1. If I histogram all Cα-Cα distances within region 35-83 using bins 10 Å wide from 0, what percent of pairs lands in each bin?
2. Using the beta-carbon distance between Val203 and Leu281 and R0 = 45 Å, what value does 1/(1 + (r/R0)^6) give for FRET efficiency, to the nearest 0.05?
3. Sorted by mean Cβ packing within 10 Å, highest first, what order do the peptides 147-158, 186-197, 34-45 take?
4. Highest mean first, what order results for 254-264, 8-18, 211-221 on Cβ atoms within 10 Å?
5. Please compute one quarter of the surface area of the Cα convex hull for region 1-75 and express it in square nanometres.
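None of the figures in this text is laboratory data; all of them are computed from the coordinates on show. Everything numeric in this text was worked out from a predicted model, so none of it was measured. In this analysis, Cβ positions are derived from the backbone assuming ideal geometry, glycine residues included, and neighbour counts consider all displayed protein chains.
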Amino acid sequence: MALLLFLGTIWGSSFLTIKIAIVDIPPLTLAAGRVGLAALVLYIYIRLRGRNLPRDWRIWRKVLPAGLLNSAAPFFLIGWAEQYVDSTMAALMMAAGPLWALLLSHYFSVDDRLTTLKFVGVGLGFVGVVIVIDPTGASGQSVDLLGIAALVLANLCYVSSGVLARRVPELSPDRFGAASMFAGALVLLPVSLIIEQPWNLQVSAASFQAFLYLALVGTAFATLMRFHLIFTVGVTFFSQVANIITITGVLFGVVLLGEPMTVVMAGGMAMILVGIYVTRLGQQKAVEKPR
């Protein structure tokens with residue numbers, strides 16, 4: 001449990017460090033540098049273990065879209081969104097990931113359909129999302145809807161990448177992680193060089209340190225920890241990390257950046273977490289149901 005808390009804290013702190021880094025490093029360059037440096041670290045790791053990147057083009061055709069959805073697209077979208085929304089809001093919006101996953105599983109799988117209890121949980125969760133966004137302005141906080149839309153799209157990318165990852169059984173998890181990072185870097189680096197011309201940037205020490213933390217700790221190291229935990233405690237127990245990410249992400253934003261956390265936002269977060277809890281009860285009952 002301690003390792004799970006540690007990993008959740010690392011990922012939760014990413015919203016804070018993105019907010020700091022994005023001050024001087026534009027989102028494409030931030031995402032490209034983060035993915036590229038993490039890819040190099042993961043490659044060194046698998047080489048030390050006597051493994052290598054895949055050499056079959058047929059495997060890379062599967063890895064490329066997975067890398068795009070698992071790292072390149074969501075890293076860019078979250079960075080872009082945090083130019084306009086607080087890191088606290090980003091953490092809250094990303095909490096809805098399990099709800100998106102359940103909806104996609106209902107339509108794209110044959111063994112994970114929505115039951116009544118799951119449907120209730122999803123409904124509660126999305127009511128929580130609406131409360132967090134607060135379209136009525138009851139909390140007195142203005143919200144950038146384009147930033148919110150980018151966060152929702154990033155969430156959908158993460159969920160979709162999980163579906164694609166299962167289609168590459170030829171690779172062990174650590175090789176898949178390294179290959180998907182390289183695929184993400186392959187997409188992001190040329191776009192960043194052409195559009196943002198990073199050699200012209202004036203980067204402060206704080207932004208550069210935040211970037212290094214994101215790449216080395218929040219991406220490369222966290223990826224290795226993720227694989228270790230999935231192997232040792234299982235996928236079901238590991239899924240609890242989503243709640244830890246939300247709570248720590250909010251705490252970092254409020255305590256270290258002084259971002260607002262209103263009663264309305266807290267109520268929305270609680271509703272999202274209750275919704276996720278109810279959907280998991282529905283999943284457990286579906287598993288226990290005699291066939």
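1. 22, 42, 28, 8, 0
2. Values: r = 47 Å, r/R0 = 1.05.
My answer for the efficiency is 0.45.
3. Values: 147-158: 19.9, 186-197: 16.0, 34-45: 21.7.
Put in order of decreasing packing, that is 34-45, 147-158, 186-197.
4. Numbers: 254-264: 14.2, 8-18: 24.1, 211-221: 21.5.
Answer by packing, highest mean first, reads 8-18, 211-221, 254-264.
5. On the way: hull surface 26.4 nm².
Hull-based average projected area comes out at 6.6 nm².
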